[in-house]
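See structure below.
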Amino acid sequence: MTALRRSDWLLVAIAALFALSIGYGLTLDPIETSLRNSLRAPGADFPFGTDHLGRDVLARIAHGFLLDFGLSLTIVALSFAVGVSIGMLAAEFAGPADRALTFVMDVLTSLPQIVIALILATHLGGGELSLIVALSLTGWVKYARIARAAAFSLREREFVTAARVAGG
């Protein structure tokens with residue numbers, strides 16, 4: 001049996017946190033207070049102990065993990081979809097459209113992504129939806145650059161030229 005690589009350990013840790021979050025964290029209320037249980041040490045009832053208001057620390061960590069994992073997955077998926085679409089469009093419509101989209105990508109790359117996302121999130125209002133929209137609208141650039149470069153390199157391949165000559 002071979003030893004696990006570092007990336008395998010990371011996947012195991014994420015799977016364990018996910019299972020713990022679903023199995024333990026969702027059965028308890030992370031904001032329920034009980035001053036009788038405040039500042040309890042880790043034990044059988046509270047595996048990670050409690051905070052100063054008597055809230056279960058493990059339940060709070062589990063709920064936070066599920067929320068963060070879901071938000072991260074949504075933001076990356078939307079950024080990927082928007083970026084690949086824009087990159088492919090830029091490669092397909094080479095010329096003025098490609099130059100315009102490349103200029104927008106250059107401008108967004110030259111500015112710090114988190115600053116732009118914070119400004120967008122502030123103008124959109126608070127909440128999860130504004131966070132998702134702001135980070136997705138600023139995170140698409142790296143995917144668009146990769147998709148554009150891949151599409152341009154594929155446009156010049158022999159099988160594409162042969163398909164064009166054949167009437168495709």
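The values are calculated or read from the model by the stated rules, or taken from the named source; none is laboratory data. These numbers were taken from a predicted model, which means no experiment stands behind them. When we count neighbours, we look across all protein chains shown, and the Cβ atoms used for this are built from the backbone with ideal geometry, even at glycine. With ligands, DNA and RNA removed, areas are computed over all heavy atoms of the protein, side chains included. Shrake-Rupley method; radii C 1.70, N 1.55, O 1.52, S 1.80 Å.
Quick look at the numbers
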quantity	calculated
Karplus 3J(HN,Hα) series, Hz, for the range 110-117 with 6.51 cos²θ - 1.76 cosθ + 1.60 (x for Gly, Pro)	6, 9, x, 4, 5, 5, 4, 5
More than 20 angstrom apart: percent of Cα pairs within the range 100-168	49 percent
Label selected from (1) -0.92, -0.97, -1.10; (2) -0.80, -0.87, -1.08; (3) -0.78, -0.90, -1.27, the criterion being log10 I(q)/I(0) by the Debye sum over Cα atoms at q = 0.14, 0.15, 0.18 Å⁻¹ as computed here	(1)
All Cα pairs of the range 79-119, percent lying beyond 17 Å	37 percent
Ranked order, 154, 39 - accessible area, probe 1.4 Å, largest first	39, 154
Candidates per chymotrypsin sites (Phe, Trp or Tyr not before Pro) in the range 53-151, loop by DSSP, up to 16 other Cβ within 10 Å	93
Solvent-accessible area per residue for the chain (1.4 angstrom probe, square angstrom)	67 Å²
The range 50-122 and the range 7-22: distance between their alpha carbon centers, rounded to Å	23 Å
Over the chain, relative contact order from alpha-carbon pairs under 8 Å, at least 6 apart, %	20 percent
Exposure rank, largest accessible area first [88, 105; 1.4 Å]	88, 105
Gaussian network model of the chain, springs between alpha carbon atoms under 10 Å - residue of 139, 70, 95 with greatest fluctuation	95
Cβ-based net charge around residue 89, under 11 Å, with every Lys or Arg adding one and every Asp or Glu removing one	-1
Solvent accessible area, Å² - residue 128, 1.4 Å probe, full protein context	100 Å²
³J(HN,Hα), Karplus 6.51/-1.76/1.60, whole Hz, each residue of the range 32-46, x for Gly, Pro	6, 9, 8, 4, 5, 9, 5, 6, 7, 6, x, x, 5, 6, 10
